[in-house]
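The values are calculated or read from the model by the stated rules, or taken from the named source; none is laboratory data. Everything numeric in this text was worked out from a predicted model, so none of it was measured. Cβ sites come from the backbone with ideal geometry, for glycine too, and all protein chains shown count toward neighbours. When the accessible area is computed, the model is the full protein with side chains, heavy atoms only, and any ligands, DNA or RNA have been set aside. Shrake-Rupley method; radii C 1.70, N 1.55, O 1.52, S 1.80 Å.
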Amino acid sequence: MSEKLLLIDGFNLLSRCYFATSYGREEADLPRNSKGLFTNAVRVVVQKMNNLIKQYEPTHVIVAWDVKRNETKRKQAYSFYKETRNDLPASLIQQYETLRAFFEAVGIPQLSVELYEADDVIGAFSLKWTKEKQSPAYIYSNDRDLFQLLNEHVSQIVAKPKIGDVVYTAMDFTTDYGISPSQWVDVKALLGDKSDNIPGVPGVGEKAALPLIQQYGSIEGIYAQVEDLDATFNRYKKKLKSGQELAELSLELVKIDTDIEVVNQIEWITVKFERNLALWEEELTPLELNIMLQT
């Protein structure tokens, strides 16, 4: 069997499962077991993990977790980064802790790295796998920032409305956007990201950001020719010139760090994975969760 790597963005999966199952409900009304532990998200995450493992048959698995928001390199360098994010509900934090304990008990490798976000950990592992294994890797996340990591070996599993999960490849990306995945950071730097409080270039929206990168290749390419931009971009010239510093700052924030010493030193044997169905069922019993696990 060929080797396959499955990379899970832990908080992306947990948050989606939590908010999908708690929408319109008060925290006090969410399901709990007899020990008082909330279980609404745990149930769905475990089911999803089981389904992903069954479908993709990975030989290696890594669940990447974020460190606390105020402890990342980006936040320490730029205090405004993710400043608009709300605090997470206590019931979600508890289920994060419950899941980490469950994953450890059933042998699912998981990792958080001091100063780094889960995106960076995923990026570092996907690059390491590409260099050392040249076999398929799948990132499970709906975060489009991760598109910059796609290559001939690395694809992303994304949920599409009314369709379900689809495998999105580097070729799919280039067909859709007309640029390479590595150029996605330049588009994102122009656009910014309200959810992460990344400014982008004010006044340069989706109608201009992608065409600019398609034509000039990068942020650097745009500013090398900003005085002689194609006439179709005349209305954006002043905005680009006044927003150059913000564009370069935003590029620094949106670019995923793929060179993490801790990750580079990890041996693949330590994240090798084999599912033990009996052990999963045993660990679900004290959580009082009856989940139909695919065999």
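Of the residues that sit in segment 191-214 and are hydrophobic (A, V, I, L, M, F, W, C) and without any contact (Cβ under 8 Å) to a residue 24 or more places away in the chain, which one is least open to solvent (accessible area, probe 1.4 Å)? Only one residue tops the list, namely 209.
Scanning segment 254-264 for residues that are out of contact with any Lys or Arg (no Cβ under 6 Å at 6 or more places or on another chain), touching a residue at least 12 places away in the same chain (Cβ under 8 Å) and either open to solvent by less than 20 Å² (accessible area, probe 1.4 Å) or charged (D, E, K, R) (or both) yields a total of 6. Applying the criterion of being under 15 Å from the mean Cα position of the chain (by Cα) and open to solvent by 10 Å² or more (accessible area, probe 1.4 Å) to the residues of segment 57-68, the residue that is farthest from residue 139 (Cα to Cα) is 67.
Taking (1) of a type in the set (Phe, Trp, Tyr); (2) farther than 30 Å from residue 60 by Cβ; (3) at pLDDT 95 or above in turn, residue 233 satisfies each apart from (3).
Summed over segment 104-132, the residues that are touching a strand residue (DSSP E or B) at 6+ places or on another chain (Cβ under 8 Å) and not charged (D, E, K, R) give a count of 12. Selection of first residues in segment 215-243 that are more than 20 Å from residue 254 (Cβ to Cβ) and of second residues that are charged (D, E, K, R) and open to solvent by less than 80 Å² (accessible area, probe 1.4 Å), restricted to Cβ pairs under 6 Å at least 6 apart or on distinct chains, gives the following pairs, ordered by first then second residue: 229/237. If you go through segment 265-293 and pick out every residue that is touching a residue at least 24 places away in the same chain (Cβ under 8 Å) and either small (Gly, Ala, Ser) or not in a loop (DSSP other than H, G, I, E, B) (or both), you end up with 8.
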